[in-house]
Amino acid sequence: MLNSEQLQQVERYVAGKGIRYFDIQIEITDHLAEQVEAAMREKGMSFMEALREQGAIFSQDWPSIVEYKKIYARRKIWRAFRVEVLRYFTGPKIGVLLLTLGAMLALNRTPYGGINNFPLIVILTLPWIRAYYLSRSWKSSAKKNLYDPNFRRLLLIGRQYFFVNLHVYTWQLSYYLLLAANLAWWSPRNSSIAPPTVFNTILFYSYPIVLALELAWKKAGVELNRAMRQDYPTVLT
């Protein structure tokens, strides 16, 4: 097992290769340290001899090793994000979602409500209500890190986290624009309004699912942020 001074020497060796992202440096440092330790144990080398030997071997495949670690880091954040989103949907939450969908289905079969004459103001104000509550937590640690230069510049996994959020927000905005446009088009203007289209029906019944996903995305972002702060305390302080 390498001591702390030897590990620092390995870290300096890796950092001297000009690797941009701190988390990639850590991944490669751990990999190289294992190889150095194995060479010391199996070949009876001193630490510096093993570092020179294994460093030379690494240098031959350095570009491919760095690229592999980058791909691994990008996949890691997407995989962790999906896991956190799925973890949000516990039995009670799924039950509430199913009850909501059932209530919407029952409402659509009555003369008092439905897809076409469902109160437009309710549908169009819910996103603004959601935006208000999200704005209250905008200054939380999960949000501040989106604009933390270390978070995006020194951590590849942090940069990927930023792009995950960007994809999510773009998808949300697109859905709400489609919802607003479609409901505005099908709002009842007279008693002879045409029946709803398949697209209109899908938007109507998918709305509670989208709201549930948004809550799951928000929770996943907070959990990922907390995990990264624990993994990289020297960068995210």
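The values are calculated or read from the model by the stated rules, or taken from the named source; none is laboratory data. Since we're looking at a predicted model, the values are computed, not measured. Please note: Cβ atoms are built from the backbone with ideal geometry, for glycine as well, and neighbour counts cover all protein chains shown.
Structural remarks
- Options ILE71, ILE28; residue that is under 30 Å from ASN165 (Cβ atoms), in contact (Cβ under 8 Å) with a residue 12 or more places away in the chain and not assigned by TED's automatic domain parsing to the domain that holds TRP217: ILE28
- Scanning segment 18-48 for residues that are charged (D, E, K, R) and either crowded, with 19+ Cβ neighbours inside 10 Å or in contact with a Ser or Thr (Cβ under 8 Å, 6 or more places away or on another chain) (or both) turns up ASP23, GLU27.
- Single residue of ILE65, ILE123, ILE57, ILE94 found to be among the aliphatic types (A, V, I, L, M), at pLDDT below 85, in a helix (DSSP H, G or I) and loosely packed, with under 15 Cβ neighbours inside 10 Å: ILE57
- Subset of segment 11-36 [part of a helix (DSSP H, G or I) and more than 27 Å from the chain's Cα centre (by Cα)]: GLU11, ARG12, TYR13, VAL14, ALA15, LEU32, ALA33, GLU34, GLN35, VAL36
- Among residues of segment 37-47 being free of Cβ contacts under 8 Å to residues at least 12 places away in the same chain and part of a helix (DSSP H, G or I), the one that is farthest from TYR232 (Cα to Cα) is LYS43.
- Selection of segment 212-237 for residues being at pLDDT below 85 and in contact with a Lys or Arg (Cβ under 8 Å, 6 or more places away or on another chain) yields GLU214, LEU236.
- Tabulated pairs, segment 198-213, first among the aromatic types (Phe, Trp, Tyr), second modelled with pLDDT of 85 or more and surrounded by fewer than 17 Cβ atoms within 10 Å (Cβ to Cβ), C-beta under 7 angstrom, 6+ apart or interchain: TYR205/LEU101
Rundown of residues vs (1) within 28 Å of the chain's Cα centre (by Cα); (2) aromatic (Phe, Trp, Tyr), yes/no style:
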{"position": "ALA38", "(1), (2)": "no, no"}
{"position": "PHE47", "(1), (2)": "no, yes"}
{"position": "GLU67", "(1), (2)": "yes, no"}
{"position": "ARG87", "(1), (2)": "yes, no"}
{"position": "ALA103", "(1), (2)": "no, no"}
